Amino acid sequence: MMKKLLVLSVLGVSALCAADGAKLFGAKCAECHGGDGKDVSISGKAIAGDAATLTKLVGYKNGSFGGEQKATMQGSIAGLSDDDLKAIAAHVGTLK
Ligand code: HEC
């Protein structure tokens, strides 16, 4: 019984980690960028598949990147860790 529980929890944790970027994107980004990263109505630009996403997110965080509406993005990623941003950027890179 204990063994089964252990296996289940290990599987559960790894499944959660793998899905993190997609989950975070859905919760934190899809509202403005669309679930597929292609909604341009708010950001003016599709982000799907952009290999520079992590650089841009880090830039928003430290103030070195951004346009006229950068405050919106800075607010959106406030509270996300560097690992969160990495997971999200990896997910954005898979969007087509
Ligand atoms: C409240 C709306 C909103 C949310 C939520 C939001 N964004 Fe944005 N995003 C914007 C706006 C507006 C811009 C344009 C900002 C500027 O002027 O630099 C933008 C720009 C970007 C850019 C830069 C695009 C480029 O190439 O110039 C990236 C990358 C991005 N967002 C990713 C994300 C990610 C990832 C998340 C989730 C963590 C997210 N955004 C959440 C509104 C939002």
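Give the stretch 51-66 a look and list any residue that's in contact (Cβ under 8 Å) with a residue 12 or more places away in the chain, open to solvent by less than 50 Å² (accessible area, probe 1.4 Å) and out of contact with any Lys or Arg (no Cβ under 7 Å at 6 or more places or on another chain), or say none.
Passing the criteria: Thr53, Leu57.
Quick check on the stretch 29-44: of everything there that is without any contact (Cβ under 8 Å) to a residue 24 or more places away in the chain and outside any loop (DSSP other than H, G, I, E, B), which residue is most open to solvent (accessible area, probe 1.4 Å)?
Here the residue is Glu31.
Test each condition in (1) near the ligand (Cβ under 9 Å from one of its atoms); (2) under 19 Å from Ala27 (Cα atoms) for Ser81 and report the one that comes out false.
So the condition that Ser81 fails would be (1).
Starting from the stretch 11-28, take each residue that is closer than 18 Å to Asp82 by Cβ and among the aromatic types (Phe, Trp, Tyr) and list its partners that are at pLDDT 95 or above and crowded, with 16+ Cβ neighbours inside 10 Å, counting only C-beta distances under 7 angstrom and pairs at least six apart or across chains.
Qualifying pairs under 7 Å: Phe25/Ile88; Phe25/His91; Phe25/Val92.
Suppose we keep only residues that are polar (S, T, N, Q) and under 18 Å from Ala27 (Cβ atoms) within the stretch 38-78. Which one would you say is farthest from the ligand (Cβ to nearest atom)?
Among them, the one singled out is Gln74.
The values are calculated or read from the model by the stated rules, or taken from the named source; none is laboratory data. Predicted model only: the values in this text are computed from it and were never measured. Cβ: placed from backbone, ideal geometry, glycine included. Neighbour counts: every protein chain shown. What goes into the accessible areas is simple: the full protein's heavy atoms, side chains included, and nothing from ligands, DNA or RNA. Shrake-Rupley method; radii C 1.70, N 1.55, O 1.52, S 1.80 Å.
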